[in-house]
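The values are calculated or read from the model by the stated rules, or taken from the named source; none is laboratory data. Just so we're clear, the structure is a prediction, and the values are computed from it rather than from any experiment. Note that we place each Cβ from the backbone using ideal geometry, even for glycine, and neighbour counts take in every protein chain shown.
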Amino acid sequence: MQKQAIFQSRLLPYALVAPQLAIVLIFFYWPALQAVIQSFLLQDAFGLSTTFVWFENYIELFKDVAYFEAIVRTFFFSFAIAVSSLSFALLLAVMADKPLRGSMLYRTLLIWPYAVAPPVVGVLWIFMLHPSLGVLSRYLRNMGIDWNPLLDGDQAAALIILAAAWKQISYNFLFFLAGLQAIPKSVFEAAAIDGARPMRRFWTVTFPLLSPTIFFLLVVNIVYAFFDTFGIIDTMTRGGPGTSTVTLVYKVYSDGLLGGNLGSSAAQSVILMVMVIVLTGIQFRFVERKVTY
Amino acid sequence: MALRHFGAAAAIALTVGLSASPALAATEIQWWHAMTGANNDVIVKLATDFNASQSDYKVIPTYKGNYPDTMNAGIAAFRAGNAPHIMQVFEVGTATMMAATGAVKPVYKLMADAGEKFDPKIYLPAITGYYSTSKGEMLSFPFNSSSTVMWVNLDELKKANVEIPKTWPETFEAAKKLKAAGHDTCGFSGSWVTWVNLEQLSAWHNVPLASKANGLDGFDTVLEFNGPLQVKHLETLVELQKTKTYDYAGRTNTGEGRFTSGECPIYLTSSAFFGNVKAQAKFNFTAVPMPYYPDVKGAPQNSIIGGASLWVMGGKSAEEYKGVAKFLTFLSDTDRQVYIHKASGYLPITKAAYAKAKEEGFYKDQPYLETPLLELTNKEPTENSRGLRLGNMVQLRDVWSEEIEQALAGKKTAKQALDSAVERGNTMLRQFEKTAVK
């Protein structure tokens, strides 16, 4: 009843949300629709000749072994990036949550890397780990490791995972710290009185109470690893050596912009879009339920 | 990504700013390019000089990012109906551009329509051939051209008591000696792995890279670089990679610092590397022609070019085309070509400019600047050495590199890698053929 008292006119609420809706429609739905349409077409780069081919682009894609390899690789990368970044961020957050002298300083410093753009991250790691220029590669070589990500696919993959995970640590740290501080101190005190040691308190009290945050971050990190690692891959390896760092997003770019195959590129984008819709759907379902603990 | 966007935003701001300035009656000609640093200065100077030389037309150069970015910006602009008049496109984009009938205006046609005097014979055929139809009609205007040369660190070769190699077997021997003399991470290397070890190698030995004169005679071309010469060459590289006598330096030119730092004393890459070598190398250097296999009959043939050309976009008014035609004539001027050659290190495109640079003694102190020209004009080009015209060439190169990398990493044999590169490449060529405008 009260709401109607505020909005005298029936149209006013619509007018107020209109700008937001317009932005969403123009910048999200319109391009998405274009991608869907494009995925049914066979077209040259300039858009001069267009043929409607139904599902041919999708069929070609599913016949392509390289595409399945890219899917498996992307899931592996996402999982590796999410797990390594989350566990390290959690460790840092637990440490920074302790009453330390100058803890504000540590916390601020730990958040900084988030402000660095992905291609810059790529360049930074290249400088450190370039086979002939890198500082770290010299140490690796002295340790007897034949470090050459230009030819060794596993090393290149490790490099991408490392750089991408490092970049995401700050973001995760921020959420973990907030999550930790939201846990009432009395719960810990009760556990301590019951005689639980710090490690046990972490696994039986902190960890379960943090699970909504962990789950939220897991989804965010996977989405990050799916899309935002593009800049890092493009600057560091350009998908190589071989195809060992070609992820789904990189393939969309390479097939569409480098290969001029817009139809296939659009079809891949649509598949990616579906994957993310599913992921987000799962997140909403479970986060609403607050994850059981 | 952010940086690139900033660059684009700045470019747009610049264009808007420039077009807002009172141009009065002058017809504006937009020129999108991909040159940075000293080469950008050359572009700006050319435009300024042209604008000062007459008052009917105004050329406005705009930097659009690296080669692929510039090409994509141009394609996107065309789709949106506001393409620039002139677009600088790298040599591997040639097939994509020429397939776009209607989107581009061939240079020979532009000159004829505008009534501009134009004699294709004044240009160096080794350069214009790459950008012409098989009938010799010039499609785009060569702007900055280079070729593959072998850069040599003279000090290190002297220290190791090694002569400058001329053939591939000599190069491998030299690299082994250099490795023994302390270059244990790199005897020799090179940039642009496919350009040097497949494309140039094939042309230099008069062996086809692809059928139909490497694609110049039609889009139904089929890749053929898995022949004995290319396989043998790659097999040797794979063998030498194991000991780092040869050490792979990446798909593009990011590894070039390994020459200027002194790590790799022999390095094959573009002649346009000169600017960096001159600025950074703290040793005596030179550039010599690419090595060849002496057992191949007739080798060396002639090399092919790299670099970029200017494409004139379609759908503009006759008046605007007249201005573009005048600008291309302006660029062909002998003195201007000599200036571009000296200022950028790229090759002159007219015979007269080459002769004049020689006459002025430009190559006396720096003979290595003539090396790419000597390679390009070594012999009359054959159908295997006139140029390449393969669709989706940027991605083709990536695919070939992927296969070469797998061979070098020991995951495939050289033959398997090249067979697979040919097969995957052919699939992409068929895809391109399907979408190309007939």
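Tabulated results
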{"quantity": "Pair list, Cβ < 6 Å and 6+ apart or interchain, from the stretch A:89-103 residues that are surrounded by 13 or more Cβ atoms within 10 Å (Cβ to Cβ) to residues that are basic (K, R)", "calculated": "A:A96/A:R107"}
{"quantity": "Residues of the stretch B:151-180 that turn out to be out of contact with any Pro (no Cβ under 9 Å at 6 or more places or on another chain) and assigned to a loop (DSSP other than H, G, I, E, B), as a count", "calculated": "3"}
{"quantity": "In the stretch A:139-184, residue modelled with the highest pLDDT [restricted to those that are loosely packed, with under 14 Cβ neighbours inside 10 Å and closer than 28 Å to A:G240 by Cβ]", "calculated": "A:D154"}
{"quantity": "Hey, A:I26 away from chain B (no Cβ under 14 Å), hydrophobic (A, V, I, L, M, F, W, C), free of Cβ contacts under 8 Å to residues at least 24 places away in the same chain and not in a strand (DSSP E or B) or not", "calculated": "yes"}
{"quantity": "Selection from the stretch B:380-438 of residues that are facing another protein chain (nearest Cβ under 9 Å), over 23 Å from the mean Cα position of the chain (by Cα) and assigned to a helix (DSSP H, G or I)", "calculated": "B:Q406, B:L408, B:R424, B:Q431, B:K434, B:T435"}
{"quantity": "Single residue of the stretch B:32-48 satisfying the filter (touching a residue at least 24 places away in the same chain (Cβ under 8 Å) and in contact with a Lys or Arg (Cβ under 9 Å, 6 or more places away or on another chain)) that is nearest to B:R397 (Cα to Cα)", "calculated": "B:A34"}
{"quantity": "Restricting the stretch B:214-259 to residues that are under 21 Å from the mean Cα position of the chain (by Cα) and of a type in the set (A, V, I, L, M), the residue that is farthest from A:R238 (Cα to Cα)", "calculated": "B:L216"}
{"quantity": "Condition met for B:D184 (more than 28 Å from A:P149 (Cα to Cα) and out of contact with any His (no Cβ under 7 Å at 6 or more places or on another chain))", "calculated": "no"}
{"quantity": "Conditions (1) away from chain A (no Cβ under 14 Å); (2) surrounded by 15 or more Cβ atoms within 10 Å (Cβ to Cβ); (3) part of a helix (DSSP H, G or I): number failed by B:D41", "calculated": "(2)"}
{"quantity": "Any hit, the stretch A:93-103, residues being of a type outside the set (G, A, S) and in contact with a Leu (Cβ under 8 Å, 6 or more places away or on another chain)", "calculated": "yes"}
{"quantity": "Matching option when the condition is within 27 Å of B:A95 (Cβ to Cβ) and not in a helix (DSSP H, G or I), among A:L42, A:L61", "calculated": "A:L42"}
{"quantity": "Boolean, B:S189 is within 30 Å of B:A325 (Cβ to Cβ), in contact with a Gly (Cβ under 7 Å, 6 or more places away or on another chain) and outside any helix (DSSP H, G or I)", "calculated": "no"}
{"quantity": "Scope the stretch B:414-438; condition among the β-branched types (V, I, T) and over 15 Å from A:D64 (Cα atoms); matching residues", "calculated": "B:V422, B:T435, B:V437"}
{"quantity": "Selection within the stretch B:15-36 - farther than 11 Å from B:Y63 by Cα and at pLDDT below 90", "calculated": "B:V16, B:G17, B:L18, B:S19, B:A20, B:S21, B:P22, B:A23, B:L24, B:A25, B:A26"}
{"quantity": "Filter result for the condition that a residue is away from chain B (no Cβ under 14 Å), within 28 Å of B:A407 (Cβ to Cβ), part of a helix (DSSP H, G or I) and of a type in the set (V, I, T), over A:I126, A:I161, A:I169", "calculated": "A:I161"}
{"quantity": "Candidates A:A70, A:A35, filtered to the one that is within 14 Å of chain B (Cβ to nearest Cβ), within 30 Å of B:R424 (Cβ to Cβ) and either in a helix (DSSP H, G or I) or small (G, A, S) (or both)", "calculated": "A:A70"}
{"quantity": "The stretch B:198-219 residues that are assigned by TED's automatic domain parsing to the domain that holds B:S401 and surrounded by fewer than 23 Cβ atoms within 10 Å (Cβ to Cβ), paired with ones that are basic (K, R) and in a loop (DSSP other than H, G, I, E, B) (beta carbon under 8 Å, 6 or more apart)", "calculated": "B:A213/B:R386; B:L216/B:R386; B:L216/B:R389"}
{"quantity": "Any hit, the stretch B:399-407, residues being aromatic (F, W, Y) and modelled with pLDDT of 95 or more", "calculated": "yes"}
{"quantity": "Positions within the stretch B:243-255 being over 13 Å from B:A175 (Cβ atoms) and modelled with pLDDT of 90 or more, in sequence order", "calculated": "B:Y248, B:A249"}
{"quantity": "A:A191 surrounded by fewer than 20 Cβ atoms within 10 Å (Cβ to Cβ) and either closer than 24 Å to A:G281 by Cα or more than 10 Å from chain B (Cβ to nearest Cβ) (or both)", "calculated": "yes"}
{"quantity": "Residue ID - surrounded by the fewest Cβ atoms within 10 Å (Cβ to Cβ), chosen from residues in the stretch A:40-56 that are facing chain B (nearest Cβ under 9 Å) and touching a residue at least 12 places away in the same chain (Cβ under 8 Å)", "calculated": "A:L42"}
{"quantity": "Filter result for the condition that a residue is within 16 Å of the chain's Cα centre (by Cα), at pLDDT 85 or above and not in a loop (DSSP other than H, G, I, E, B), over A:V278, A:V246, A:V252", "calculated": "A:V278"}
{"quantity": "3 or more residues away from every other protein chain (no Cβ under 14 Å): qualifying helices (runs of 4 or more DSSP H) within the stretch B:202-285", "calculated": "B:211-214, B:228-242, B:274-280"}
{"quantity": "Any pair with Cβ under 9 angstrom, 6 or more apart, that starts in the stretch A:226-248 at a residue that is at positive phi and more than 10 Å from chain B (Cβ to nearest Cβ) and ends at one that is crowded, with 24+ Cβ neighbours inside 10 Å and modelled with pLDDT under 85", "calculated": "none"}
{"quantity": "Of all residues in the stretch B:117-150 being in a loop (DSSP other than H, G, I, E, B) and among the hydrophobic types (A, V, I, L, M, F, W, C), the one that is surrounded by the fewest Cβ atoms within 10 Å (Cβ to Cβ)", "calculated": "B:F118"}
{"quantity": "Only one of B:Y346, B:Y368 that is within 30 Å of B:R251 (Cα to Cα), aromatic (F, W, Y) and assigned to a loop (DSSP other than H, G, I, E, B)", "calculated": "B:Y346"}
